[in-house]
1. Which of the residues that make up region 109-151 are within 21 Å of Thr70 (Cα to Cα), charged (D, E, K, R) and not in a helix (DSSP H, G or I)?
2. In region 7-21, which residues are buried (at least 17 other Cβ atoms within 10 Å of the Cβ) and either among the aliphatic types (A, V, I, L, M) or in a helix (DSSP H, G or I) (or both)?
3. Do any residues in region 214-226 that are more than 19 Å from Cys182 (Cβ to Cβ) and touching a residue at least 60 places away in the same chain (Cβ under 8 Å) have Cβ atoms under 7 Å from those of residues that are part of a loop (DSSP other than H, G, I, E, B) and of a type in the set (Asp, Glu), where the two are at least six apart or on different chains, and which pairs are they?
4. Quick one: Pro154 ticks every box in (1) under 25 Å from the mean Cα position of the chain (by Cα); (2) crowded, with 20+ Cβ neighbours inside 10 Å; (3) not small (Gly, Ala, Ser) except a single one, so which number is it?
5. Give the residues of region 318-341 that are touching a residue at least 24 places away in the same chain (Cβ under 8 Å) and either part of a loop (DSSP other than H, G, I, E, B) or farther than 18 Å from Phe254 by Cα (or both), sorted by residue number.
6. Might you let me know whether region 55-71 holds any residue that is of a type in the set (Asp, Glu) and in contact with a helix residue (DSSP H, G or I) (Cβ under 7 Å, 6 or more places away or on another chain)?
7. For region 64-95, which residues satisfy the criterion of being modelled with pLDDT of 90 or more, part of a helix (DSSP H, G or I) and not hydrophobic (A, V, I, L, M, F, W, C)?
Amino acid sequence: MVEIATYEAIGQSEAFIAFQERISRVAPVERPVMVIGERGTGKEQAATRIHYLSKRWENPLVTLNCAALTPTLIGSELFGYEKGAFTGAGTRTAGRFEQAAGGTLFLDEIGTIPMEVQEKILRVVEYGTFERVGSSRQVEVDVRIVAATNADLPAMAKKGTFKQDLLDRLCFEVIHVPPLRCRKEDILVLARHFAGRMAFELGQEPMPELTAAAENALMSYLWPGNVRELKNVVERAVYHSDTHKIDEICFDPFDNPFEQEGQDEKNRAPGRSLPETDPVPKILDDQPLADLVSLPLKPAVQALETLRVRDALRQNRFNQKKAATHLGLTYDQFRGIKKRLGI
């Protein structure tokens, strides 16, 4: 099956623009390209752009996720097989190399390919020929390879788990996809794009609008899942919102609200007082807020933080997620501050 990814070049940060310029420069050059990036950064989208900016754009772009196949299957999937080559091989079947003839073959997670298959790929790169599984006849093919991984291939080559000769052939150009944490200027641009598209899909009007608290939460998060995670978070926020104003951001859909509610009930049970180690200055209980200016800086900041956290909890009926969004914090940041203050 031929898989073609759609590409959206959205961003205005220096890192993103430089990345796009490198793609545009290497795309017309008939050489292999290695794309390196963390999960969710858009490695397949980068490969798609390389293909459609190349001279091969009218020919097939074929994708294979190498990590999704067992070592015994990946050879037949790449090179095809003859009828009767193995049990279940009822007809001659073309592999991904033949399907991509004249075009581009994108090998995602190339670091997972076993050594014996790497040998055959190296032969295709060097001589443009290979043999189908179960055949000794040479098949000629003209294919440009774009490979992607988040593994350390040079380290793997030193350990002998990745063929050094193949690595040398594939890395004519190595393009590093910038993670989202290095594209701060793009976070809200992407968020608004994903929000608008999700609203259109749901038939919602008017278009979504991120509140200041939501924007602060998005900007302060580290995005370990990169653009893919941002897309999921924003689309979920639009789906959950009852109005076009997007205020609450949920970063972890697996967080158990019932477990937290039970803890909240325990914390506000009748007769329960703050821990004896509660570091909050007494000024919060029996003196005006203006007297904070008379305190040394550290206890004054601590007192103000405590006041804001308690107030956010009260306003949001002790729902910690909503209190975090109210303060422009992520849920984890809010819990860390709350724990530090002894609340």
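The values are calculated or read from the model by the stated rules, or taken from the named source; none is laboratory data. Here the structure is a predicted model, which means the values were calculated and not measured. Backbone-built Cβ (ideal geometry, glycine too); neighbour counts: all protein chains shown.
1. Glu109, Glu131, Arg132, listed by residue number.
2. Ala15, Phe16, Phe19
3. Ala214/Asp247
4. Every listed condition holds for Pro154 apart from (2).
5. Phe318, Asn319, His326, Leu327, Gly328, Leu329, Thr330, Ile337, Lys338, Leu341
6. No, region 55-71 contains no residue that is of a type in the set (Asp, Glu) and in contact with a helix residue (DSSP H, G or I) (Cβ under 7 Å, 6 or more places away or on another chain).
7. Gly75, Ser76, Glu77, listed by residue number.
Quick grid of which residues meet (1) more than 18 Å from Ile50 (Cβ to Cβ); (2) surrounded by fewer than 17 Cβ atoms within 10 Å (Cβ to Cβ); (3) of a type outside the set (Phe, Trp, Tyr); (4) in contact with a Gly (Cβ under 9 Å, 6 or more places away or on another chain):
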{"residue": "Gly75", "(1), (2), (3), (4)": "yes, no, yes, yes"}
{"residue": "Gly95", "(1), (2), (3), (4)": "yes, no, yes, yes"}
{"residue": "Phe106", "(1), (2), (3), (4)": "no, no, no, no"}
{"residue": "Val124", "(1), (2), (3), (4)": "yes, no, yes, no"}
{"residue": "Val141", "(1), (2), (3), (4)": "yes, no, yes, yes"}
